[in-house]
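Below is one structure; the comments refer to it alone.
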Amino acid sequence: MRYPAISEVRAYWEALRDGRAAPYRSEVDPRGIERSLEHAFVLERIAPQAARFRLAGMHLADLMGMEVRGMPFSTFFTPAARAEIGIILENVFSGPRTAELTIAAESGLGKPALQGRIVLLPLRSDLGDVSRALGCLVTEGPIGRTPRRFEVRESLAAPIAATVPDPGRPVAALPGFPPARGFAEPALPFTGPRQPPARGRAQLRLVARDE
């Protein structure tokens, strides 16, 4: 339980998939991971070995010093780490597989030691292809001067044990939740660096396009 936010997101994803290889993006209800929203994000595959943020919690904005919606996932990593990140993303989407990364930030003037962990969990789009991923990024230590970019210290991609066939459409919401609307909101393109808004209740923000 060193990273409870990651444990919560993974447990929610496991319950949501209910034996399938991957749940649908439209099944994901933010209320199911309310305590971890600050660290959670959703990726969209945009090319082989490449994905961008469709949603991102405030902790990710804090790490970059700006909103990250619409930005490539690779932005969070050093140039030397980006080839490995591309391979990890391809494993997640093509397997599909889950992935866990142990990360450490570059240090320097105003940038103290910062380490953490990321989990990537595959999701299906409404068309049924595995082109989305639910993720969680947690760090330990002061953020310091931004942006902070990370090296990958360790990564593990694990196959998913599917015990039931995919029904071909989203299933009903989990008990205790009304039918999920997912993260559907109006499209909002990335327009460049902006300062993160004042903190309040943990939230995710959306950049989306029609499925």
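The values are calculated or read from the model by the stated rules, or taken from the named source; none is laboratory data. None of these values were measured; they are calculated from a predicted model. Here Cβ is always computed from backbone atoms with ideal geometry, including for glycine, and neighbour counts include all displayed protein chains. Accessible surface is based on the protein model in full, side chains and every heavy atom, while ligands, DNA and RNA are left aside. Shrake-Rupley method; radii C 1.70, N 1.55, O 1.52, S 1.80 Å.
Being under 17 Å from A47 (Cβ atoms) and hydrophobic (A, V, I, L, M, F, W, C) holds for only one residue in A83, A105, and it is A83. Comparison of E100, E154, E84 shows that the only residue that is of a type in the set (D, E), under 15 Å from the mean Cα position of the chain (by Cα) and closer than 21 Å to I6 by Cβ is E100.
Going residue by residue through region 85-100, is there one that turns out to be modelled with pLDDT under 95, closer than 27 Å to A15 by Cβ and surrounded by 15 or more Cβ atoms within 10 Å (Cβ to Cβ)?
In the first step, residues of region 85-100 are kept if they are modelled with pLDDT under 95; the result is 95.
Narrowing further to those that are closer than 27 Å to A15 by Cβ: 95.
Filter once more, so that each one left must be surrounded by 15 or more Cβ atoms within 10 Å (Cβ to Cβ): 95.
Checked against the condition, which is being modelled with pLDDT under 95, closer than 27 Å to A15 by Cβ and surrounded by 15 or more Cβ atoms within 10 Å (Cβ to Cβ), region 85-100 yields at least one hit.
Which is crowded, with 19+ Cβ neighbours inside 10 Å and either over 22 Å from P159 (Cα atoms) or polar (S, T, N, Q) (or both), of L121, L114? Give the derivation first.
Working: L121 fails: either over 22 Å from P159 (Cα atoms) or polar (S, T, N, Q) (or both).
Result of the check over L121, L114: L114.
Restricting F183, F150, F177 to those that are at pLDDT 95 or above and surrounded by 12 or more Cβ atoms within 10 Å (Cβ to Cβ) reduces the list to F150. The lone criterion from (1) open to solvent by 10 Å² or more (accessible area, probe 1.4 Å); (2) under 14 Å from L121 (Cβ atoms); (3) among the hydroxyl-bearing types (S, T, Y) left unmet by Y24 is number (1). When region 49-68 is filtered for residues that are within 23 Å of G128 (Cα to Cα) and out of contact with any helix residue (DSSP H, G or I) (no Cβ under 6 Å at 6 or more places or on another chain), the ones remaining, listed by number, are A50, R52, F53, R54, L55, A56.
Scan region 1-42 residue by residue and report those that are of a type in the set (A, V, I, L, M, F, W, C), touching a Ser or Thr at 6+ places or on another chain (Cβ under 9 Å) and more than 21 Å from E140 (Cβ to Cβ). Residue satisfying the conditions is W13 alone.
Using the structure shown, decide if V164 is open to solvent by 40 Å² or more (accessible area, probe 1.4 Å) and either assigned to a loop (DSSP other than H, G, I, E, B) or among the charged types (D, E, K, R) (or both). The answer is yes for V164. For region 60-74, name all the residues that are under 16 Å from L120 (Cα atoms) and either open to solvent by 10 Å² or more (accessible area, probe 1.4 Å) or hydroxyl-bearing (S, T, Y) (or both). P72, S74, listed by residue number.
In region 145-165, the residues that are farther than 29 Å from E14 by Cβ form Cβ pairs under 7 Å with partners that are open to solvent by 60 Å² or more (accessible area, probe 1.4 Å), at six or more places apart or across chains, as follows: R149/E106. Taking region 94-125 as the range and being in contact with a Lys or Arg (Cβ under 7 Å, 6 or more places away or on another chain) and either assigned to a loop (DSSP other than H, G, I, E, B) or more than 24 Å from E38 (Cα to Cα) (or both) as the test, the residues that pass are E106, G110, L114, S125.
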